[in-house]
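Since the structure comes first, as structure tokens, the remarks are kept for the end.
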Amino acid sequence: MEGNRTIAIMTSGGDAPGMNAAIRAIAKAAIYKGYKVVGVIDGFKGLVEANFKELTVNSVENIMQLGGTVLGTARLPEFKQPEVQDKAVNVLKTYGITDIVVIGGDGSFTGAQKLSHKCEEPQHNYKCNVVCLPGTIDNDLACTDYTIGFDTALNTVLEAIDKIRDTMSSHGRCCVVEVMGNRCGDLSLFSSINSGAESLILAERPESFDIDRICDEVAEGAKNGKKCHIVILSELLTDAGELAKTIEKRTGVSTRPSILGYIQRGGRPSASDRMLATKMGVYAVDLLEKGVSNQIVSIRNNKIVNDDIDVALAMPRVFDEDLYKMNEILSI
Ligand code: ADP
Ligand code: F6P
């Protein structure tokens, strides 16, 4: 490595289990290669305010297994303003930050993209390599098959549904389970397949919110002696409580809502998320060491890859129609 280089690590947007495993991997790999490493406190807000904390081998010990992010995260809508981005570049210059890793979702990647382009503008002409890692429970990024946090959140949802099934079965009830995912139904679809849910109302398929169909499925199940009926509802589509009342009124089957909420975003990261975060973190440092910038690290076909941020953000998300069909077949 040439000269004195400092890597900044930032977590931004909604937190996700596995972010700490990524922070640890980046910090350790960077220290191993001779970088100084600082953590940015609370995302772009901390960057603009120069709120940094030096990360050492000791300070990243015992964090891999923790949910959340030890660096904190925040939302700073003002980062869309070019003057605020200018401020951030000035902070990078003042603190001699030569490289930055941003861990977050597509909003954070857009912020990172703006920061990267801002550095290149003639009034700054500052070389700072920017690399992003996908960290969100939603799995809503087109460039990567999986995001850090998705597997843990999926396991949390499954554990909750398994428990809900126990009590619903005892009472012969239906339950509307609301699952997170901001306009992305991956958590809902994967949890439907793996919990054996009887009905699914999915963000990508607004037509699946068909109250007649759902009530028919619940009534049919009850008629056939099903002891429990799980309806998975992607968040933001309708009110789970109201839907439960309607199902009960129209079918006569006792129905309860269960909004899983923020438990889905917390908890110890799964082995799979730790591994993904670790591989991506080490890969990011390798890119930075080579002087590669403006990149998003992804996993596709089980291989860690990187794409230009501009290219990755322009990729269209492809809905997995085969998985959706498979779920329909298995939910009879
Ligand atoms: P996520 O990264 O999980 O998608 P957000 O959409 O909340 O989360 O974005 C996180 C942060 O990224 C925002 O609070 C803001 O600071 C920054 N950001 C988001 N969109 C933009 C944008 N268009 N331009 C600049 N910064 C942005
Ligand atoms: O992006 C992760 C996520 O948990 C979404 O599933 C959800 O819609 C959103 O964040 C909630 O965000 P907030 O933290 O602002 O409530």
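About its Cα centre, how strong a charge dipole does the chain have in debye, to the nearest 20, once Lys and Arg get +1 and Asp and Glu get -1 at the Cβ? Intermediate values should be presented prior to the final figure.
Details: 36 positive and 44 negative charges, 174 e Å.
Dipole magnitude for the chain comes out near 840 debye.
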Legend entry - Percent carbon-and-sulfur accessible area, region 150-265, ignoring ligands, DNA and RNA, probe 1.4 Å: 48
Inset, instruction - Using the Karplus curve 6.51 cos²θ - 1.76 cosθ + 1.60 with θ = phi - 60°, work out ³J(HN,Hα) for each residue of region 159-166 in order, rounded to whole Hz, and write x for Gly and Pro. - result: 4, 5, 5, 4, 5, 4, 4, 4
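May I ask for the equivalent-ellipsoid semi-axes of region 184-294, computed as the square root of five times each C-alpha gyration tensor eigenvalue and listed largest first in whole Å? Walk me through the intermediate numbers first.
Values: eigenvalues 320, 42, 30 Å².
Whole-Å semi-axes of the equivalent ellipsoid: 40, 14, 12.
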Legend entry - Whole-percent carbon and sulfur share, accessible surface of region 1-102, 1.4 Å: 48
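Which values, in whole Å and largest first, are the semi-axes of the equivalent ellipsoid of region 13-152 obtained as the square root of 5 times each eigenvalue of the Cα gyration tensor?
Numbers: eigenvalues 109, 70, 34 Å².
Computed over region 13-152, the values are 23, 19, 13 Å.
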Legend entry - Mean Cβ neighbour count within 10 Å, used as a protection proxy, ranking 15-27, 39-51 highest first: 15-27, 39-51
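Please report the net charge: other residues with Cβ closer than 13 Å to the Cβ of residue 238, K and R +1, D and E -1.
On the way: positive: 245; negative: 178, 210, 235, 239, 242.
With Lys, Arg at +1 and Asp, Glu at -1, the neighbours total -4.
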Inset, instruction - Quick one: which residues, 5+ away or cross-chain, put their amide H under 5 Å from the amide H of residue 254? H built at 1.01 Å from N. - result: 174
Inset, instruction - Inverting the mean 1/r over all pairs of different Cα atoms, compute the Kirkwood radius of region 38-108 and quote it in Å. - result: 13.1
Inset, instruction - Any lysines with Cα under 23 Å of the residue 227 Cα? List them, leaving off those in the same chain fewer than 8 positions away. - result: 163, 245, 249
Legend entry - Cα-based convex hull volume of region 30-73 per residue, rounded to whole Å³: 70
Legend entry - Probe 1.4 Å, accessible area per residue of the chain, Å²: 44
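For a protection proxy built on the mean count of beta-carbon atoms within 10 angstrom, sort 319-331, 240-252, 197-209, 140-152 highest first, please. Please list the in-between numbers first.
On the way: 319-331: 13.2, 240-252: 17.2, 197-209: 19.7, 140-152: 23.9.
Descending mean neighbour count gives 140-152, 197-209, 240-252, 319-331.
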Legend entry - Options 271, 329, 230, ranked by Cα towards positive dipole end of the chain, top entry (Cβ charges): 271
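So for 188, 169, what's the accessible-area order with a 1.4 Å probe, most first?
Values: 188 0, 169 40 Å².
Reading off the accessible areas and sorting them downward yields 169, 188.
With both bridge residues required to lie in region 150-265, what share of the DSSP beta bridges run antiparallel, to the nearest 5%? Intermediate results must be reported in sequence, preceding the final value.
Values: 1 of 15 bridges.
Expressed as a percentage, antiparallel bridges in region 150-265 total about 5.
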Legend entry - Within region 1-149: Cβ-based charge dipole about Cα centre, in debye rounded to nearest 20 (Lys, Arg +1; Asp, Glu -1): 400
Inset, instruction - Give the whole-number value, in cubic angstrom per residue, of the convex hull volume spanned by the C-alpha atoms of the chain. - result: 124
Inset, instruction - Mind giving me the FRET efficiency for residue 167 and residue 209? R0 is 25 Å, r the Cβ-Cβ distance, nearest 0.05 is fine. - result: 0.45
Inset, instruction - Sequence neighbours fewer than 8 away in the same chain don't count; with that in mind, list the lysines whose C-alpha is under 17 Å from residue 303. - result: 279
Inset, instruction - Once you have the Cα-Cα distance between residue 83 and residue 286, take 0.36 nm times their residue separation minus that, and quote the gain in nm to one decimal. - result: 69.9 nm
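The values are calculated or read from the model by the stated rules, or taken from the named source; none is laboratory data. Everything numeric in this text was worked out from a predicted model, so none of it was measured. Please note: Cβ atoms are built from the backbone with ideal geometry, for glycine as well, and neighbour counts cover all protein chains shown. These area figures cover heavy atoms from the full protein model, side chains too; ligands, DNA and RNA do not enter into them. Shrake-Rupley method; radii C 1.70, N 1.55, O 1.52, S 1.80 Å.
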